[in-house]
Amino acid sequence: MAAALEETPVSYEDLADIEREFDDVETEIIRQQVELTTPLYERRSKTVSQIPNFWPLVLEQAPPDIDQYIQPSDSALLLSSLQNLSVSHFEISSPNTSTNKAAKGGDPRSVSIKFDFAENEYFENRTLEKKFWYRRARDGWTGLVSEPVPIRWKKDRDLTGGLLDMVVKAWEVEQCCPPSTSTSTNTNKTGNGNGRTGDRGLTPEQKALKKKIENTGMGGLSFFAWFGFIGRKVSAEESAEATALEREKRNRRKSSKTNLSVQNEEDEEESEGEEEEEDDVGMSLEIFPDGDDLAVAFTEDLWPGAIKYFTQAQEQDALSDADFESDDGADEGNEAAFNSGSENSNSDQESSGPPTKKLRSS
């Protein structure tokens, strides 16, 4: 039987503080791991650059968390044109990390995933880089946020059906004319003086994007729509303030073992309510809702396990070749037996029909 926490001197905040301290330790472990493994990844990159189609073969064996988002048209492009893939923890990865205070103080959970392509029939870009910043919101949420990456599609070759371009355009307009705090959570239908009208103060570009999403079947959407992922709109300034506030609250609980004042709690609840409304609007404009999960899969699975996946691809090819040769030998044997049987038992064959072909082994 579970003990009621109310009957103990332990609060839920006490437990939450312990969890946060575990998170702090894990973050430092990531920081040290990046420092120790960076030379190895650099060495690996130099080595695999000499192997033709290394990264296309790695992606061919990608784990389900990644493979589920790669459509046949994406696969054709990636397998034929991808030349290199790299992951970096850009907030701490700096040529002068030891002397760069910003780099030393950056969050190791922020990552950049870069793809280098050969010239291809789909887009003009030779490099596509998607950055993810690890942020904390005022309501306590933590996670990865990003910005849309434009792709210069060639004529009639946009694998996202125009969605990515619409996301980029809506984002650029919003950066030029950011909504005021009062308007971002206002539900009326009047404009705000920044070219924003209609649905919760959305810009015309955002309204068009929302309508396009609603009218488009999002199942089977191209992997390249991932470059349009944004996530929660938490600025670096808000994240820094939220982090400082969280540390202050934690230290206060440690020293006094008391909660913050009721007024502070009410202010936080009001802020959380406003942010939930903003999140609902943001999600309605998201073309790749699982973009942060895919970034984690690249960072924590495919990138460190690249040699393993390449080896699996080689083994798979070897098995396929062996099966093909085995099938060829079996087919030749069946053909010889068939010819021999035809000479000796034509009458039997007429009554029983042709012999059954050997099924190709899978």
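The values are calculated or read from the model by the stated rules, or taken from the named source; none is laboratory data. Everything numeric here is computed off the predicted structure, so don't read it as measured data. FYI the Cβ positions are ideal-geometry reconstructions off the backbone, even for glycines, and counts take in every protein chain you see.
What tally of residues in region 221-244 results from selecting those that are at positive phi and without any contact (Cβ under 8 Å) to a residue 40 or more places away in the chain?
0
Which one is surrounded by the fewest Cβ atoms within 10 Å (Cβ to Cβ), of the residues in region 147-182 that are charged (D, E, K, R) and assigned to a helix (DSSP H, G or I)?
Only one residue tops the list, namely E172.
Evaluate region 47-67: report whether one residue or more is touching a helix residue (DSSP H, G or I) at 6+ places or on another chain (Cβ under 7 Å), of a type in the set (D, E, K, R) and not in a loop (DSSP other than H, G, I, E, B).
Yes, region 47-67 has at least one match.
Quick one: in region 280-315, of everything that is in a helix (DSSP H, G or I), of a type in the set (V, I, T) and within 18 Å of the chain's Cα centre (by Cα), which residue is surrounded by the most Cβ atoms within 10 Å (Cβ to Cβ)?
T299
Is it fair to say E238 is at pLDDT 95 or above, over 20 Å from F288 (Cα atoms), in contact with a strand residue (DSSP E or B) (Cβ under 8 Å, 6 or more places away or on another chain) and surrounded by 13 or more Cβ atoms within 10 Å (Cβ to Cβ)?
When the stated conditions are applied, E238 passes them.
So which of G219, G191, G201 is within 27 Å of the chain's Cα centre (by Cα), at pLDDT below 90 and of a type outside the set (S, T, Y)?
Just a single option satisfies the conditions, and that option is G219.
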